[in-house]
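Here is the structure we will look at, set down as structure tokens.
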Amino acid sequence: MKFSIEREKLISVLSEYTNILKDNPIKPIVSGLKISATQDGVVFVGTNLEIEHIRKIKIDVEEEGEVIIKPFLLLEYIKLLDEERVDFSSANGFVTVHQAEFSVLEGGAYPNIIELEPQNLLSISGSHFVKLLDKSKFAATQSQENIQINCVRAVFKKDELNLVSTDSYRLLFLREKIECLDTREISIPMETVNTLCKLLKDYDREITLGYNNDTLIVTWENSYFSSKTIGLQYPDFKTILRISAFEKKMEFNRDELRSALKRVITVAKTSLDAKFGAIFNFTGKTMVINAFSGRAKINQKVNMLKDGDDFKASLNCKFLAEYIDNVSNNIIIGGNNASSMFEIKEIDNDDYIYILMPLALRD
């Protein structure tokens with residue numbers, strides 16, 4: 001194998017696979033990146049057996065060949081070079097790049113990775129899709145032990161895309177008005193969501209999302225990405241959204257509320273009763289947030305417009321702040337009493353709804 005390639009392009013490609021490849025003690029060959037050089041160019045293939053990624057680059061190849069190599073040390077070395085182009089070659093069990101040699105992986109059959117034919121669901125800008133995922137993924141459980149909700153639920157409808165996440169203490173619903181090519185509901189694992197966000201965060205061109213049986217397929221220019229989806233039944237979020245009705249509604253200036261919450265979090269993060277827990281007193285035209293950690297206590301007042309009787313409730317202020325970080329206008333908090341769920345949303349925006357369950361804190 002022998003070819004010459006732009007250094008920055010090679011850095012970009014190798015960096016993509018650092019988000020996917022993992023050490024695999026049972027099948028070490030899988031932890032490597034497969035690089036194939038043919039007369040059509042160079043193809044990079046990587047998998048962790050859940051996610052597969054194929055990247056193609058059209059360049060002139062001097063000698064055809066194929067190697068499997070761990071890309072991490074190679075990437076570190078290439079980043080230190082000053083040359084605009086680097087020569088890449090392999091012989092006798094080593095890959096030579098510039099003036100360094102790297103050993104290749106041997107002794108195992110690499111998985112046969114093929115590009116599945118997708119049933120297309122949606123075409124969208126890559127960076128915009130990442131923005132939607134970022135706005136919806138934070139409410140999903142981060143524990144892989146509860147795989148059913150360690151994901152973002154994507155609901156493709158005729159004229160809209162819905163993204164949903166939950167950790168059973170909160171529920172996030174996002175609606176994006178966009179034409180979909182098919183109807184489908186898919187649970188995308190959090191690992192896949194995070195990987196896509198890294199791969200596509202700066203990609204402003206169009207990507208296509210599709211599926212083949214239980215596999216999510218994302219394609220863009222010279223790139224193919226696939227991931228297994230979660231087949232377990234997702235919680236019935238539609239009923240929760242449909243039956244929610246709130247007698248008390250409070251409106252807040254977004255920046256004032258956000259600043260107050262940030263200050264409360266400094267104390268509430270070490271709360272003795274519940275981490276990040278605080279008591280919210282909705283009285284008259286002022287909300288008072290109280291938090292106590294055993295070593296410190298804090299009271300923060302926030303102006304509000306309230307429709308309904310005075311009441312108090314205990315909420316996770318970190319959870320509330322995470323939603324507010326994703327909006328820019330006034331915040332509406334709806335509730336009924338201290339023991340029922342709360343609805344948080346941006347004023348005049350029913351396309352981004354946050355349901356938050358109360359805590360049981362001592363006053």
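Key figures for this structure:
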quantity: Check on Ala291, buried (at least 19 other Cβ atoms within 10 Å of the Cβ) and out of contact with any Phe, Trp or Tyr (no Cβ under 7 Å at 6 or more places or on another chain); calculated: yes
quantity: Filter pass, Ser226 being farther than 23 Å from Leu174 by Cα, in contact with a Ser or Thr (Cβ under 7 Å, 6 or more places away or on another chain) and either free of Cβ contacts under 8 Å to residues at least 40 places away in the same chain or assigned to a strand (DSSP E or B) (or both); calculated: yes
quantity: Qualifying residue in segment 204-222 (condition: open to solvent by 40 Å² or more (accessible area, probe 1.4 Å) and part of a helix (DSSP H, G or I)); calculated: no
quantity: Residue selected from segment 52-75 under the condition among the acidic types (Asp, Glu) and open to solvent by 90 Å² or more (accessible area, probe 1.4 Å), by the criterion nearest to the chain's Cα centre (by Cα); calculated: Glu66
quantity: Matching residues in segment 133-148 - criterion: being open to solvent by 10 Å² or more (accessible area, probe 1.4 Å) and in a helix (DSSP H, G or I); calculated: Asp134, Lys135, Lys137, Ile147, Gln148
quantity: Ala154 open to solvent by less than 40 Å² (accessible area, probe 1.4 Å), in a loop (DSSP other than H, G, I, E, B) and touching a strand residue (DSSP E or B) at 6+ places or on another chain (Cβ under 9 Å); calculated: no
quantity: Selection count, segment 16-51, where residues are assigned to a loop (DSSP other than H, G, I, E, B) and either open to solvent by less than 30 Å² (accessible area, probe 1.4 Å) or in contact with a Pro (Cβ under 9 Å, 6 or more places away or on another chain) (or both); calculated: 7
quantity: Segment 303-340: number of residues that are touching a residue at least 40 places away in the same chain (Cβ under 8 Å) and either open to solvent by 40 Å² or more (accessible area, probe 1.4 Å) or of a type in the set (Phe, Trp, Tyr) (or both); calculated: 16
quantity: Residue in segment 257-276 that is crowded, with 18+ Cβ neighbours inside 10 Å and part of a strand (DSSP E or B) present; calculated: no
quantity: Strands (runs of 3 or more DSSP E) wholly inside segment 278-363 containing at least 1 residues that are β-branched (Val, Ile, Thr); calculated: 286-292, 297-303, 331-335, 342-346, 352-356
quantity: Hits in segment 63-110 - residues which are assigned to a helix (DSSP H, G or I) and touching a residue at least 60 places away in the same chain (Cβ under 8 Å); calculated: Leu74, Leu75, Ile78, Lys79
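The values are calculated or read from the model by the stated rules, or taken from the named source; none is laboratory data. Remember, predicted model here, so these are calculated numbers, not experimental data. Every residue, glycine as well, gets a Cβ built from its backbone with ideal geometry; the counts of neighbours run over all protein chains shown. Accessible surface areas use protein heavy atoms only, side chains included; no ligands, DNA or RNA. Shrake-Rupley method; radii C 1.70, N 1.55, O 1.52, S 1.80 Å.
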